[in-house]
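S.K.: Handing you this structure, nothing more for now.
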Amino acid sequence: MIRRLIEAAITMFIAIVAVFFMIHLVPGDPAQTMLGEKATPEAIAAIRSDLGLDQPLLIQLGNFFKRFAHGDWGRSIRSGRPVLDELRERTPATLELSVLSLMISVVVGILLGIFAARKPGGWTDFILGAISVFGLSIPIFFLGLLLVLLFGLKLGWFPLSGRLSYAVPYEPWTGFILLDSILQRDADLFAAGLSHLFLPAVTLATVPLSLLSRLTRSSLLDCLKADYIRTARAKGQSEFLIFLKHGLRNALLPVITMTGYQFGLLLGGAILTENVFAWPGLGRWIVFAVEGRDYPAVQGAVLFFVAGIITVMTVTDLVHQWVDPRLRTSL
Amino acid sequence: MRKVFATFVFLLLAAMAGLSGCKNKKTTVSNSTYDRPLVFARPSDSIDFDLARAEEGESITIGINFIERLIDFKDGSAELIPSLATSWEISKDGKTYTFHLRSKVVFHDGTPLNADAVVFNVERQWKKDHPAYSFSAPYSYWENMGMDQVLESVRKVDDLTVEFKLKYPFSPFLSAIATPFLSVESPTAILKYGKTIDQHPVGTGPYTLKTWKKDDFMELEAFPDYWGTKPKIKRVIVRVIPDNQVRLLELKKGSVHIMVYPNLSDLADIKNDPNIQVLSQPGLDIGYLAFNLKKPPLDKLEVRQAISMAIDRKRIVDELFQGYASVAKNMLPPTVMGYNSDVPQIKYDVEKAKTLLDKAGIRDLSLELWAMPVARPYNPNAKKMAEFIQADLKRVGINSKIVSYDWGTYLDKIGKGEGQVVIIGWNGDNNDPDNFLFTVWSKESALRTPTNNYAFYMNEDVNNWLKQGRTETKLELRADLYKKVQMQMYKDLPGLPINHSVVVVPIRKEVEGFALMPTGDRRFANVSFRSSP
């Protein structure tokens with residue numbers, strides 16, 4: 001446990017150093033790049049001193065760590081506001097989307113995997129396999145547009161884009177719309193939030209869902225061939241219990257690990273999904289930051305994502321140990 | 001495992017039970033077009049509503065609905081009209097500007113508009129010891145317009161009269177006063193909000209900012225105590241929808257009424273939609289080729305003329321801009337004061353270009369054609385444009401190599417004179433010819449490093465006219481100076497004007513009164529729905 005935390009801290013340290021050097025690896029003068037064709041010599045000098053680019057490299061690195069430790073992640077060039085504030089405003093939208101997508105992909109993915117594994121080589125298996133390949137290979141923004149066109153415009157079942165219509169009154173408590181709607185006992189808000197969330201969540205879930213269903217299938221098939229399954233059968237246990245207790249529980253171990261990794265992937269996919277669905281989250285903010293060459297913002301976003309992924313990985317490891325008693329003793 | 005599952009089911013049931021007992025909100029439906037919200041969609045959000053320092057377009061073009069200035073532009077044009085000032089006088093020597101303020105105007109927070117408020121808004125950008133200076137510093141517009149060098153003093157004459165004294169006559173001053181950075185915001189609000197004033201615009205405008213969900217939407221509400229014609233629509237929703245196609249689909253569905261920045265390739269489809277019309281207007285920009293006069297043989301006029309005649313700019317406009325641009329002949333957009341329509345257009349003429357090269361004794365010429373790496377309103381794809389030009393030049397026997405760097409390096413290198421034939425352009429900060437011509441083509445600019453004068457063009461006559469243009473206060477005389485500049489630049493050809501972009505805005509046909517402004521401002525005060533929705 002402690003070793004795991006030390007590892008996480010070291011990873012974070014390396015990430016900070018890497019992010020610090022990012023701004024120095026940009027070809028050309030970062031100040032000039034940020035200002036564009038209207039850069040005046042004075043404005044360039046102002047930005048350089050603002051970012052501390054005129055100081056020796058090691059001192060810059062030291063200052064960077066000092067600021068980071070004090071919760072000062074710098075100010076966005078584009079907006080002039082603290083990067084941490086901007087991140088904080090947009091985090092709930094992305095987290096809500098990612099968590100729902102993850103839930104969809106875990107539940108549906110595992111279920112599909114189980115169905116496929118029941119009769120390997122059968123028709124169900126074949127069709128589910130084809131769907132997974134489709135889900136893995138279709139570009140996410142294209143799928144998003146298709147869903148918008150079909151379910152939004154043609155059928156009119158869902159709103160085309162946005163997180164919540166301006167017509168629905170909403171007083172944020174936690175910033176998570178679904179959670180707030182439950183806390184505020186507001187069914188309209190819940191329905192509106194969910195209808196906006198549905199298409200983007202499905203879009204974002206396709207890749208991890210396909211991966212998880214394939215993984216569950218193969219892992220389950222491996223487990224069902226194991227010796228202890230034969231032993232259980234010999235003991236006369238019912239097929240259903242064998243499947244659930246001995247098969248599925250063991251088969252889910254790699255799936256749990258993979259789910260942790262998927263969370264990192266989801267955050268990447270969120271950038272594309274948020275763009276299509278006009279989702280006011282971190283992903284789009286990062287796109288704007290990169291397009292606007294807003295280095296402090298990009299640095300902040302990268303660190304934020306790294307921290308998020310390290311946290312998820314650590315939690316995944318802990319869950320893994322909880323499910324698999326063998327790992328507990330090894331610590 | 002079982003316990004976790006049970007807990008989960010319990011929570012779910014509890015949530016559902018909670019929801020079933022909840023209140024039902026009633027939505028009121030009104031037939032009045034005043035109460036019907038107008039939805040406007042754009043690809044990115046505003047970031048900064050302190051117009052004194054805001055530089056980014058989406059902030060300024062929406063911010064002008066909240067915050068006004070002394071002088072404004074007439075709807076849909078570049079003509080100056082009274083706004084918070086009802087009238088103004090310029091002294092004979094061109095050094096004193098006196099503005100008479102409109103009476104009984106209040107800011108959104110109830111603060112009355114008076115001379116003190118105007119002085120406050122000027123001094124907070126100017127005097128480093130002003131209590132509000134540090135809130136939004138640095139004020140780059142103030143600096144870029146050289147206000148420190150121009151302004152001698154600003155003072156309150158009486159409650160409704162403000163007087164600006166300049167150090168020397170500076171005729172772009174009136175344009176500067178009409179530029180958003182000299183907007184008048186409530187001094188009370190500025191002192192109240194401090195550094196976060198950029199998130200709380202409090203002006204005298206027809207709309208107030210009611211809610212702002214970052215990167216999502218903002219809600220503008222009509223200001224009941226507005227001094228001018230009251231807005232025809234109570235609520236305007238400004239949405240952010242980054243994907244151009246999704247934005248268009250929302251427009252088609254009718255959930256959005258006005259959208260900006262469509263894909264040019266979608267326009268044919270948009271035009272077939274019976275519910276949508278497409279408004280268009282020339283943009284306030286110029287895309288051009290700069291010939292670096294320090295790099296032989298570009299110092300020879302015949303070579304520059306030959307290159308200019310060899311390039312088929314009509315084809316570039318048709319294919320690269322899908323027709324949504326116009327071929328330029330001046331370095332000034334046609335909507336700007338002083339545009340010289342008498343300047344002849346350089347004709348596309350391959351044979352004449354070859355003859356000119358022969359006359360100059362140039363054979364086997366190889367050039368570097370510099371293409372910028374980023375898309376700009378005046379040039380969506382410079383590398384593609386470079387390929388067109390490369391093919392055209394080949395036809396007259398000039399070999400060219402396309403050179404490109406990342407944006408920062410590109411600007412740095414061309415700004416230091418390393419470029420040869422350079423693809424670049426300019427977006428106007430305001431409607432003043434000085435902003436297009438002096439800032440880029442003056443000797444002063446050429447002598448700075450990095451410069452904007454990528455051709456290193458230093459014609460003494462042109463430079464004198466440009467300097468006179470800054471001090472001449474008579475509009476016609478000023479316009480004549482700029483006309484002379486353009487004619488001389490046509491003769492000297494330090495650069496080839498390529499195109500002005502065309503701004504296209506698809507809107508629903510039930511919406512009327514939306515005027516496209518040369519500055520790109522989105523004004524909602526005069527927009528309304530046709531009576532039957």
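S.K.: Name every residue in the stretch B:220-244 that is within 21 Å of B:Glu510 (Cα to Cα) and either free of Cβ contacts under 8 Å to residues at least 24 places away in the same chain or of a type in the set (Lys, Arg) (or both), in order of residue number.
M.R.: Matches in the stretch B:220-244: B:Glu221, B:Ala222, B:Lys230, B:Lys232, B:Lys234, B:Arg235, B:Arg239.
S.K.: Another one. Taking B:Thr409 as the residue in question, decide whether it is crowded, with 19+ Cβ neighbours inside 10 Å and under 23 Å from B:Tyr457 (Cα atoms).
M.R.: Answer is no for this residue.
The rows are residues; the columns are (1) in contact (Cβ under 8 Å) with a residue 12 or more places away in the chain; (2) more than 14 Å from chain A (Cβ to nearest Cβ); (3) in contact with a helix residue (DSSP H, G or I) (Cβ under 8 Å, 6 or more places away or on another chain).
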| position | (1), (2), (3) |
| --- | --- |
| B:Lys394 | no, yes, no |
| B:Gln420 | yes, yes, no |
| B:Ser442 | yes, no, yes |
| B:Ser445 | no, no, yes |
| B:Gly469 | yes, yes, yes |
| B:Glu476 | no, yes, no |
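S.K.: State all residues of the stretch A:157-168 that are in contact with a helix residue (DSSP H, G or I) (Cβ under 8 Å, 6 or more places away or on another chain) and either within 12 Å of chain B (Cβ to nearest Cβ) or at pLDDT below 90 (or both); if no residue qualifies, say none.
M.R.: At the first step, the residues of the stretch A:157-168 found to be in contact with a helix residue (DSSP H, G or I) (Cβ under 8 Å, 6 or more places away or on another chain) are A:157-165, A:168.
Within the stretch A:157-168, A:Phe158, A:Pro159, A:Leu160, A:Ser161, A:Gly162, A:Arg163, A:Leu164, A:Ser165, A:Val168 meet the criteria.
S.K.: Something else about it: So, B:Ser265, is that one farther than 22 Å from B:Gly57 by Cβ and not assigned by TED's automatic domain parsing to the domain that holds B:Asn435 or not?
M.R.: When the stated conditions are applied, B:Ser265 passes them.
S.K.: Here are some conditions: (1) of a type in the set (S, T, N, Q); (2) buried (at least 22 other Cβ atoms within 10 Å of the Cβ); (3) over 27 Å from A:Glu86 (Cβ atoms). B:Ser255 meets all but one. Which one does it not meet?
M.R.: B:Ser255 satisfies every listed condition except (2).
S.K.: Continuing with the same structure: Regarding A:Ile110, is this residue surrounded by fewer than 21 Cβ atoms within 10 Å (Cβ to Cβ) and more than 12 Å from chain B (Cβ to nearest Cβ)?
M.R.: Answer is no for this residue.
S.K.: Just for the stretch A:133-156: of the residues that are within 24 Å of the chain's Cα centre (by Cα) and of a type in the set (Phe, Trp, Tyr), which one is nearest to A:Thr206 (Cα to Cα)?
M.R.: The qualifying residue nearest to A:Thr206 (Cα to Cα) is A:Phe134.
S.K.: Looking for whichever is touching a residue at least 40 places away in the same chain (Cβ under 8 Å), part of a helix (DSSP H, G or I) and not charged (D, E, K, R) here; the options are A:Leu189, A:Leu197, A:Leu149. Which one fits?
M.R.: A:Leu197
S.K.: Now for a separate question. Identify all residues within the stretch B:55-95 that are surrounded by 20 or more Cβ atoms within 10 Å (Cβ to Cβ) and of a type in the set (Lys, Arg); write none if there are none.
M.R.: Within the stretch B:55-95, just B:Arg69 meets the criteria.
S.K.: Sticking with this one: Return the residues of the stretch A:99-125 that are touching a Phe, Trp or Tyr at 6+ places or on another chain (Cβ under 7 Å) and either closer than 21 Å to A:Arg293 by Cα or among the polar types (S, T, N, Q) (or both); say none if nothing qualifies.
M.R.: Listed by number, the list holds a single entry, A:Thr124.
S.K.: May I pose another question? If you check A:Asp222, A:Asp186, which single one turns out to be more than 11 Å from every other protein chain (Cβ to nearest Cβ) and among the charged types (D, E, K, R)?
M.R.: A:Asp222
S.K.: On to the next question. Please work out which residue is farthest from the other protein chains (Cβ to nearest Cβ), limiting yourself to the stretch A:169-179 and to residues that are crowded, with 16+ Cβ neighbours inside 10 Å and in a loop (DSSP other than H, G, I, E, B).
M.R.: Here the residue is A:Phe176.
S.K.: So, of the residues in the stretch B:229-242 that are under 25 Å from the mean Cα position of the chain (by Cα) and part of a loop (DSSP other than H, G, I, E, B), which turns out to be farthest from the other protein chains (Cβ to nearest Cβ)?
M.R.: The qualifying residue farthest from the other protein chains (Cβ to nearest Cβ) is B:Pro231.
S.K.: Only one of these conditions is not met by A:Leu179: (1) more than 28 Å from A:Leu136 (Cβ to Cβ); (2) at pLDDT below 90. Which number is it?
M.R.: Checking A:Leu179 against (1) more than 28 Å from A:Leu136 (Cβ to Cβ); (2) at pLDDT below 90, the one that fails is (2).
S.K.: Of the residues B:Thr439, B:Thr451, B:Thr471, which is buried (at least 21 other Cβ atoms within 10 Å of the Cβ) and either out of contact with any Pro (no Cβ under 8 Å at 6 or more places or on another chain) or more than 27 Å from B:Ala386 (Cβ to Cβ) (or both)? Lay out the reasoning, then the answer.
M.R.: On the way: B:Thr451 fails: buried (at least 21 other Cβ atoms within 10 Å of the Cβ); B:Thr471 fails: buried (at least 21 other Cβ atoms within 10 Å of the Cβ).
On inspection, the qualifying residue turns out to be B:Thr439.
S.K.: Quick one: is B:Tyr410 assigned to a loop (DSSP other than H, G, I, E, B), without any contact (Cβ under 8 Å) to a residue 60 or more places away in the chain, within 12 Å of chain A (Cβ to nearest Cβ) and of a type in the set (Phe, Trp, Tyr)?
M.R.: So B:Tyr410 fails the test.
The values are calculated or read from the model by the stated rules, or taken from the named source; none is laboratory data. Being a predicted model, the structure only gives us computed values, none of them experimental. Reconstructed Cβ throughout: ideal geometry from the backbone, glycine too, with neighbour counts over all protein chains shown.
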